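So the structure is just underneath, and the comments pick up after that.
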Amino acid sequence: MAGVFFALVDCNNFFVSCERIFRPNLKNKPVMVLSNNDGCIIARSDEVKKIGIKMGQPLHEVRDLVERFGISIFSANFRLYSDISKRVFGILVDYCPEIEIYSIDEAFLKFAKLPTVNLVEEIIYKIKKDIGVDVSIGIAKTKTLSKLANKFAKEHKIGFKFTINELDIESILRQTKLGDLWGIGKGLENQLNRDGVYTAYDLVQVNNPIFSTVVVSRIVNELRGKSALDVSLVSDKKKSLTMSRTLRKVTSTKESLYIICKEFTYKVVSRLHKQRSLAFTFGLYLRSSKYKLGFKNFFLETITLDSPSCFIPDFLKCLQNLINKVPRVEDGFKKIGVVLLNIIDISDSQKYLFELETNNSKSKLMDAFREISNKFPNKISFDLIDNNFVSTLQTKKHLSPGYTYRWSDLLTVK
Amino acid sequence: MVERPAVNRLVTGSSPVRGVFLICMVKLPLYLELIKAGFPSPTGNDIESYLSLDEYLIKNKNSTFFVRVSGDSMVDDGIVSNDILIVDRSLEPNREDIIIACLNGEFTVKRIKYKDGFVYLIPANSKYKEIKILPEDDFTVWGVVTSLIRKIK
């Protein structure tokens with residue numbers, strides 16, 4: 001892979017930026033975005049960071065600071081953020097077809113040669129102009145280094161872009177703590193610290209392939225400039241999961257629809273859980289045998305959860321909700337299916353959820369369910385005992401309007 | 001055979017507004033064509049499968065946003081309260097374009113004018129004065145209005 005360069009493009013304070021697109025009066029004012037149930041802070045503007053409020057801090061702890069500094073609070077508006085995200089990636093794809101979307105606001109671009117300063121500046125300018133979002137770009141020969149370069153770009157604020165070349169590498173690695181490296185968490189960092197390895201530079205010097213793990217070896221190779229991770233254009237993890245059947249006999253009652261779709265839901269959500277992913281959106285689609293629904297003969301509706309899930313009851317609730325929206329069709333439906341969309345990896349869920357405990361216990365419950373299901377196939381089922389068992393409605397007292405997805409919420413101009 | 005509701009296209013000849021008013025926003029098949037294997041269609045490549053408003057009105061979906069008009073500052077240009085404007089943020093405003101601007105933290109829809117080295121925002125209603133943008137103003141062009149949508153019924 002000689003000459004190849006990776007560019008890690010990520011949006012600065014993404015959720016805050018999304019809100020500011022439609023609120024220009026908040027440009028230099030302190031702004032925060034809250035997690036589900038308005039519990040913790042999951043995004044802070046630079047002004048809020050200066051005040052000293054930490055990422056993940058519960059809102060109730062900082063109420064007085066909110067008052068004192070006039071901090072604007074927003075509940076997480078994931079539908080909005082996901083729409084803005086699509087637009088950003090839509091622009092990036094035009095500049096570099098080899099793009100790997102890493103999270104809602106980050107992507108790796110793979111270039112065959114070092115991108116020029118003009119090109120990089122053009123990308124930054126275009127995203128700012130066309131959408132209104134600031135991005136930072138870090139460029140290097142490997143993904144791990146490009147992540148590092150991106151961090152530098154943000155911290156040193158030199159025009160939001162930074163390229164790591166051969167000359168700088170050593171000094172940068174000396175300045176980088178292990179925990180700042182992509183792929184090294186707190187636990188591993190502590191372990192390596194105990195072995196006397198503190199900076200990325202130390203790691204590259206002392207790493208002995210005989211003793212280190214696959215992960216650490218890979219990181220070290222990447223730090224040395226040898227790319228060990230390519231852009232995954234087609235992840236083996238599915239980005240959407242669907243299950244559908246064309247029925248021999250049409251079905252028309254809502255009850256029979258529910259029974260069939262419930263099975264599909266179990267199967268797709270189990271697949272989702274198995275690949276250690278979470279999904280935001282659940283969809284139901286039905287096709288009748290003839291042109292009966294106006295000149296449409298199909299029904300397709302989706303529900304997007306406020307926070308991603310791999311928990312069957314969450315999606316059963318969506319299913320019930322959607323089935324109630326299905327119109328009456330005399331001849332019934334011939335083809336029915338369910339689909340899961342907006343799938344993210346469970347390791348990325350940190351950005352969206354701080355109720356880690358709830359999700360850990362839901363995940364454990366799902367693990368147990370799958371284990372038992374495997375032992376006793378088709379004999380175990382979830383059911384919604386009462387409607388309060390899982391609530392997809394969350395407290396969102398400070399939700400911004402649906403500027404890009406609801407007609408009644410459009411931005412007003414005078 | 002599918003019933004096609006009538007669609008009237010009203011274009012106000014005298015208005016300088018570039019827009020199309022439609023009675024209903026509906027996807028219609030232009031006509032249905034069955035192409036049997038081995039027989040080339042006599043119409044060749046001219047078949048369009050349906051009229052899509054998205055395709056007609058939106059050139060760059062990444063930079064296109066919809067906004068709603070409030071007030072009467074542009075009535076003389078045929079833009080009235082509750083209209084929806086399609087705004088493209090990727091376009092550079094040419095003189096006399098209708099734009100959405102952010103002026104001191106507020107959104108406004110006006111015609112842009114460049115005169116004597118200054119930018120002006122011109123309303124289309126004699127009740128309102130033109131606005132000269134001064135150096136101390138916080139002013140940006142948010143986007144250029146490309147179309148107007150109004151439901152009549």
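The residue that is surrounded by the fewest Cβ atoms within 10 Å (Cβ to Cβ), among those in region A:65-84 that are within 14 Å of chain B (Cβ to nearest Cβ) and out of contact with any strand residue (DSSP E or B) (no Cβ under 8 Å at 6 or more places or on another chain), is A:Asp83.
Can you tell me which residues in region A:254-276 are at pLDDT below 85 and of a type in the set (Ser, Thr, Tyr)? Scanning region A:254-276 gives a single hit, A:Ser256. Looking across region B:105-117, just one residue is assigned to a strand (DSSP E or B), surrounded by fewer than 17 Cβ atoms within 10 Å (Cβ to Cβ) and within 14 Å of chain A (Cβ to nearest Cβ), and that is B:Glu106.
State yes or no: is A:Gly90 modelled with pLDDT under 95, within 14 Å of chain B (Cβ to nearest Cβ) and under 22 Å from the mean Cα position of the chain (by Cα)? Yes: the conditions hold for A:Gly90. Restricting region A:120-135 to residues that are more than 21 Å from the chain's Cα centre (by Cα) and open to solvent by less than 30 Å² (accessible area, probe 1.4 Å), the residue that is farthest from A:Val88 (Cα to Cα) is A:Val120. A Cβ distance below 9 Å, combined with a sequence gap of six or more or placement on separate chains, defines the contacts here; from region A:44-61, residues that are farther than 20 Å from A:Lys396 by Cα reach residues that are in a loop (DSSP other than H, G, I, E, B) and open to solvent by 50 Å² or more (accessible area, probe 1.4 Å) in the pairs A:Asp46/A:Asn28; A:Glu47/A:Asn28; A:Glu47/A:Lys29; A:Lys49/A:Met55. A Cβ distance below 6 Å, combined with a sequence gap of six or more or placement on separate chains, defines the contacts here; from region B:119-135, residues that are without any contact (Cβ under 8 Å) to a residue 40 or more places away in the chain reach residues that are among the aromatic types (Phe, Trp, Tyr) in the pairs B:Glu130/B:Tyr120; B:Lys132/B:Phe118; B:Lys132/B:Tyr120; B:Ile133/B:Phe139.
A search for C-beta distances below 9 Å between a residue of region A:111-126 that is closer than 23 Å to B:Ser63 by Cβ and away from every other protein chain (no Cβ under 14 Å) and any residue that is outside any helix (DSSP H, G or I) and among the basic types (Lys, Arg), counting only pairs 6+ apart in sequence or on different chains, returns A:Val120/A:Lys161; A:Glu121/A:Lys161; A:Ile124/A:Lys161.
Here B:Cys102 meets the list (1) in a strand (DSSP E or B); (2) among the hydrophobic types (A, V, I, L, M, F, W, C); (3) open to solvent by 80 Å² or more (accessible area, probe 1.4 Å) almost entirely, failing just condition (3). Figure legend. Inter-residue proximity from region A:219-244: first residues open to solvent by 60 Å² or more (accessible area, probe 1.4 Å), second residues modelled with pLDDT under 80, beta-carbon distance below 7 Å, spacing 6+ or different chains. Indicated pairs: A:Arg224/A:Val204; A:Lys237/A:Asp345.
Considering region B:55-83, and only residues there that are in a helix (DSSP H, G or I) and within 9 Å of chain A (Cβ to nearest Cβ), the residue that is nearest to B:Glu106 (Cα to Cα) turns out to be B:Ser63. In this structure, does B:Tyr120 turn out to be in a strand (DSSP E or B) and surrounded by fewer than 17 Cβ atoms within 10 Å (Cβ to Cβ)? It is true that B:Tyr120 is in a strand (DSSP E or B) and surrounded by fewer than 17 Cβ atoms within 10 Å (Cβ to Cβ). Selection of region B:136-153 for residues being touching a Cys at 6+ places or on another chain (Cβ under 7 Å) and open to solvent by less than 20 Å² (accessible area, probe 1.4 Å) yields only B:Trp142. For region A:172-187, the condition of being in a helix (DSSP H, G or I), of a type in the set (S, T, N, Q) and surrounded by fewer than 19 Cβ atoms within 10 Å (Cβ to Cβ) holds for at least one residue. If I go through region B:37-62 residue by residue, how many of them are modelled with pLDDT under 70 and surrounded by fewer than 10 Cβ atoms within 10 Å (Cβ to Cβ)? The qualifying residues number 8. Across region A:283-304, the number of residues qualifying as open to solvent by less than 10 Å² (accessible area, probe 1.4 Å) and at pLDDT below 80 comes to 1.
Residue under question is A:Gly3, and the condition is that it be within 14 Å of another protein chain (Cβ to nearest Cβ), closer than 24 Å to A:Lys161 by Cα and small (Gly, Ala, Ser); does it hold? Taking the combined requirement at face value, the residue does not satisfy it. Scan region A:39-54 residue by residue and report those that are within 20 Å of A:Pro401 (Cβ to Cβ) and out of contact with any helix residue (DSSP H, G or I) (no Cβ under 6 Å at 6 or more places or on another chain). Selection gives A:Ile42 alone.
Exactly one residue out of A:Gly132, A:Gly183 is on the phi > 0 side of the Ramachandran plot and either among the acidic types (Asp, Glu) or within 14 Å of chain B (Cβ to nearest Cβ) (or both): that is A:Gly132. Taking region A:154-171 as the range and being modelled with pLDDT of 75 or more, closer than 25 Å to A:Ile124 by Cα, open to solvent by 40 Å² or more (accessible area, probe 1.4 Å) and assigned to a helix (DSSP H, G or I) as the test, the residues that pass are A:Lys154, A:Glu155, A:Asp168.
Given the condition more than 11 Å from chain A (Cβ to nearest Cβ) and within 16 Å of the chain's Cα centre (by Cα), answer yes or no: does some residue in region B:121-144 qualify? Yes; the residues of region B:121-144 include at least one that is more than 11 Å from chain A (Cβ to nearest Cβ) and within 16 Å of the chain's Cα centre (by Cα).
The values are calculated or read from the model by the stated rules, or taken from the named source; none is laboratory data. Note that the structure is a prediction, hence the values are computed from the model and not measured. Every residue, glycine among them, receives a Cβ derived from its backbone with ideal geometry; neighbour counts consider all protein chains shown. Remember, those area values only see protein heavy atoms, side chains included, never the ligands or the DNA or RNA. Shrake-Rupley method; radii C 1.70, N 1.55, O 1.52, S 1.80 Å.
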